[in-house]
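Enquirer: Sharing a structure here in structure tokens format.
The values are calculated or read from the model by the stated rules, or taken from the named source; none is laboratory data. This is a predicted model, so every value here is computed, not measured. Glycine gets a Cβ as well: all are built from the backbone with ideal geometry, and neighbour counts include every protein chain shown.
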Amino acid sequence: MKNLKIAIQKSGRLNEKSVLLLKNCGLKFDNYKSSLITTVSNFSLEILFLRDDDIPGYVESGIADLGIVGENVIDESEAKVHYVQRLGFGKCTLKLAVAKDSTMKDLKDLNGKSIATSYPTILGNFLKENQIQADIHEISGSVEIAPGLGLSDAICDIVSTGGTLKSNGLKPFADVRNSEAILISRPELETDPILCELLQRIQSVLRAQETKYVVLNVEKSNLPSIVNLLQGVKSPTIVPLAEEGWVAVHTVITEDDFWHKINQLKSAGAQGIVVMPVEKIIM
């Protein structure tokens, strides 16, 4: 069977989590820090390590079959690729920002202004949708310094924590779009068996990251209330305990759901609650 090629960032904010995701899927590979390409030894896959800006184009042209890249990069490239799976990491927001002492308050205040950005396509579409007439000043890197140098009145750039904006005397002004890492493919690859198996592995890892394995003890008389609260992957597993009249309840639920219900579980009689991480969940 012919290997598929997947492109991921060689370096940058998505590199480590992309590598970790693939390794958590049981894929075995080496030399990813010193090579531009490596072969997975136990799966029909080769990994290409590229600049993030190049990944959508490589997938669109067929040089790579798959890619892991941020939505913002895909939109900026306007490459025709298929969205296979949202991956839940690399979350950030493309924001407009202005100087801390700026008097601009509404989007209409950007009319006639100059905006520096590394994302002219996304910004241009945003301004058009909002009927804003502004000059776009394209800059590669260090966009935050543009207002201070008098190159622009505002910037449009990726923001994760906001620390970089603050350190450069800027404040967020408006959100342009949210972004996260996406698994993409060539459109015609949607039913490929290798992709389907890889996608199953990825989804099992993602489901596990969002869930916890919970074990608790409860008197049989309180069991109906506990079961009603624990709507997990399937109905809970009930195991009799050595102590007469008591059972252990085993289930898998989302972590958010567990914390939301913890006090209700305790009030319903749950004791000895143990919460454990889950490595994979295969549906």
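Enquirer: Could you tell me whether any residue of the range 98-106 is more than 23 Å from the chain's Cα centre (by Cα) and not in a loop (DSSP other than H, G, I, E, B)?
Expert: yes
Enquirer: Please determine, by comparing only the residues of the range 251-268 that are free of Cβ contacts under 8 Å to residues at least 40 places away in the same chain and surrounded by 16 or more Cβ atoms within 10 Å (Cβ to Cβ), which one is farthest from P240 (Cα to Cα).
Expert: D257
Enquirer: Evaluate the following for E243: is it at pLDDT 90 or above, acidic (D, E), within 25 Å of the chain's Cα centre (by Cα) and not in a strand (DSSP E or B)?
Expert: Here the answer is no, as E243 does not meet what is asked.
Enquirer: Being under 24 Å from the mean Cα position of the chain (by Cα), not assigned by TED's automatic domain parsing to the domain that holds I74 and not charged (D, E, K, R) is the requirement here; does I145 meet it?
Expert: no
Enquirer: Go through the range 40-60 and give me each residue that's outside any loop (DSSP other than H, G, I, E, B), surrounded by fewer than 19 Cβ atoms within 10 Å (Cβ to Cβ) and modelled with pLDDT under 95.
Expert: D53 - this is the single residue of the range 40-60 that is outside any loop (DSSP other than H, G, I, E, B), surrounded by fewer than 19 Cβ atoms within 10 Å (Cβ to Cβ) and modelled with pLDDT under 95.
Enquirer: In the range 36-71, how many residues are touching a strand residue (DSSP E or B) at 6+ places or on another chain (Cβ under 7 Å) and over 14 Å from L198 (Cα atoms)?
Expert: Total meeting the criteria: 16.
Enquirer: Of the residues that sit in the range 68-88 and are over 16 Å from the mean Cα position of the chain (by Cα) and either touching a residue at least 60 places away in the same chain (Cβ under 8 Å) or assigned to a loop (DSSP other than H, G, I, E, B) (or both), which one is nearest to E190 (Cα to Cα)?
Expert: H82
Enquirer: Also: Kindly indicate which of E129, E76 is out of contact with any strand residue (DSSP E or B) (no Cβ under 8 Å at 6 or more places or on another chain) and under 30 Å from L20 (Cβ atoms).
Expert: Just a single option satisfies the conditions, and that option is E76.
Enquirer: Now for a separate question. Only one of I145, I202, I139 is modelled with pLDDT of 95 or more and of a type outside the set (G, A, S). Can you tell me which?
Expert: Only one candidate qualifies: I202.
Enquirer: Is it true that K212 is on the phi < 0 side of the Ramachandran plot and either small (G, A, S) or touching a residue at least 60 places away in the same chain (Cβ under 8 Å) (or both)?
Expert: Yes: the conditions hold for K212.
Enquirer: How many residues does the range 240-261 contain that are over 30 Å from R201 (Cα atoms) and among the β-branched types (V, I, T)?
Expert: Going through the range 240-261 one residue at a time, the tally reaches 1.
Enquirer: Sort out which residues of the range 96-126 are in contact with a helix residue (DSSP H, G or I) (Cβ under 8 Å, 6 or more places away or on another chain), crowded, with 21+ Cβ neighbours inside 10 Å and not β-branched (V, I, T), and write them in order of number.
Expert: If the condition is that a residue be in contact with a helix residue (DSSP H, G or I) (Cβ under 8 Å, 6 or more places away or on another chain), crowded, with 21+ Cβ neighbours inside 10 Å and not β-branched (V, I, T), then L96, A97, L110, A116, Y119 are the ones that fit.
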